[in-house]
Structures are given as C-alpha cells and as structure tokens.
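Each reported figure results from applying straightforward, stated rules to the coordinates on display, with no laboratory input. Bear in mind that the values here come from a model prediction, so they are computed numbers and not experimental data. With ideal geometry, Cβ positions are generated from the backbone for all residues, glycine too; neighbour counts draw on all protein chains shown.
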Amino acid sequence: MLIDDFHSARLNMNDGGSSLPVNIDVSANAEFKAEIPATSMGRTLDALTDLIRPFTESRGLKADRIRLQREDVLIEIAQRARARMAVEQGEIKPIPLRVIVPLLEKASLADPNDETLIEAWTSLLQSASLDENANHGLFIDVLSKLDPAHLKLLEFLMTRDDSGHLDAFMFINRHEAEQLLIGASETVGADTEAKDEDIVEKLNDEMLAFFEVNGCVLLGGGIHFLDETGQGPYYEFGTQIDLQTHPEALIDALAGVNILERTRIQFDHPRFHVWLVYVSMTVFGLEMYECCHRPQHSVPE
C-alpha cells in the first residue's frame, strides 16, 4: 500500500469528500479496495511519519513516497527500535536512502503476529541506524526472503554454547577438521584388538566434542569397515541437530545465500573408510546474525 494513498485520502476528505477507496498493490497484480475512514488514515500516516523521522530526516526522504503493505507492522517495528535505543542511550543516525527505503518497504510485509520476523526487522533497523555497513542492503534483501524457520535454525546454531563466543566456529576450518579426523582415526585404528563398535564409539565421541561450538554443528557421518571382501559393516555417527525441527532443506537454503556452509571430509584408513559432514556459519552469516539479533534490554512499559 502506498502511504501516498493515505495522504491523498486526507486531502480529499478535507475538501468535503466521503470515504475513499485505497489501492493495495499485491504480487499477483490484483487490486483490492477498502473503505478507510479519513481520520484513521490521517492518524496512521502521522504516527508513522513521526516514528521514522529520526531515521530519515537528514536524507531528504518523504514518508508518503514509500510503498508499504502493513503500516501497523512498520509502526510496531519503529516503536520497538526507538524504545530500545532510548534505553541504550544510543544516537539514532539517519540511514542512507538506498538502505532505509527497501528496509521499510520489505519490513512492512511481515506478519504482525510473527514475533520472530518482527524482532529481526527491529534489530536490523536499529543496527542500520547505529552504523553504516556496506552489507546492510544485502541483509535486507536476504532477510526479506527468509521464513521464521530459517531464523530459528540460525538461533539454534549460534546459541549452542552459552559460555562460548559467537565466532567460535571460525576456529573450525576444513584443514583443522581433516587433521582431527585423520589423527583420531589413526589413533583408534592402531589398536588391532579394538572391536568395530569401540572404534565407532571413540570416533563418534571425539567428533561430537570437536563440533560442540557456536555456529557449527555435526550433521552426520559414517564408518565403513573393510573386510577381505571389501563389504564389511557400516555404522553411522550421531548428529547434533534435530532434522525434524530443522530440516536439511533449510540448511541448503541458507547455504544458497551464503549464510551457512556445508563441508564434507573423509579419510581412508587401512581398516575402514570414515566420512562426516558438518555445517558452519560464514563470516557474512555471522555479521547478518548480529545485525538481526541484537541483545534486548529491558524496555519500560
């Protein structure tokens, strides 16, 4: 919906007109009309204009030129952002037009009952007003394409270790993971008396412990033991993620927008072949997560 429609409605009502149909733009190019009292439209526009003014006043943005879908959603987001910045005593800096316009337009598409998305947009608006970041425009585009399920997956990944740092995953790169797998395999494989089940258990425990950090998770793996025929028993590693709650399709989608990275490593020991797959955040993903999940402080009622 165009805020301009609200503005036009107010002018017509002041000229003595009656209620005015408001065109609502939708993706299917259909047109819906609704009768909205002029006083309600005026109050909505005035409230929205007042709320977003601190984020835009030095950039020459006119609120009635922004194309919105849900003004009530945007009002809620702006109210939360301003309230939190007041508590944190942060200075609200005007946001560049190339950032603030798409942010407001795309944030207004969120479902007003979807707390996860409302919170993400609130945090992103707050982040954009505190610091100019070359990636803010990209964060807006990516966030507009995400479902709450994607955000909940990211929250799970980044809060696995309450005592750890958010960037702990950066110490687990492919080389480090491969060296661990090779070293652990050679150690347990050197015991010629060890049973297959014992080898599986020791490797499994070591891999699970290694990937128990924020921003990283062991997705799966397995060991295929080799006998004289080359067709020995096969065992699977445990996983650190509930794939019923966080399906692999969500992981693949986030990998497709450079938020997550899926890595497979393997090693051939004379006694067995072992492989595993782990998922980790990217640096871009961490930066976006921090912008969309700002720490919440108590806001007075």
Checklist entry - Tally Lys and Arg at +1 and Asp and Glu at -1 over the other residues with C-beta under 13 Å from the C-beta of HIS224: what net charge comes out? => result -3
Checklist entry - Which cross-chain or sequence-distant (5 or more) residues have an amide H under 5 Å from the amide H of THR159, H modelled 1.01 Å from N in plane? => result GLY215
Next on the checklist: About the Cα centre, and with charges only on the beta carbon of Lys, Arg (+1) and Asp, Glu (-1), how big is the dipole of the stretch 149-301? Nearest 20 debye, please.
Outcome noted: 520
Checklist entry - Mind listing which GluC sites (Glu not before Pro) in the stretch 210-262 are in a DSSP loop and have 13 or fewer other Cβ atoms within 10 Å? => result GLU228
Item to check | Alpha carbon Rg of the stretch 134-186, scaled by the compact-globule rule 2.2 N^0.38 Å | outcome: 1.61
Item to check | Residue among ILE182, ALA120, PHE225 farthest towards the positive dipole end of the stretch 105-247, charges placed on Cβ | outcome: ALA120
Item to check | Cα-Cα pairs of the stretch 96-213 separated by more than 21 Å (percent) | outcome: 59
Item to check | Lys, Arg +1 and Asp, Glu -1 on Cβ, resulting dipole of the stretch 234-301 about Cα centre, debye, nearest 20 | outcome: 220
Item to check | Principal axis dimensions, largest first and in whole angstrom, of the stretch 169-299 by Cα | outcome: 65, 25, 25
Checklist entry - Could you give the distance between the Cα centres of the stretch 80-125 and the stretch 263-292, to the whole Å? => result 32
Next on the checklist: If I model a spin label at VAL283 and ASP141 as a point 7 Å from the Cα along the Cα→Cβ vector, what separation in nanometres do I get?
Outcome noted: 2.0
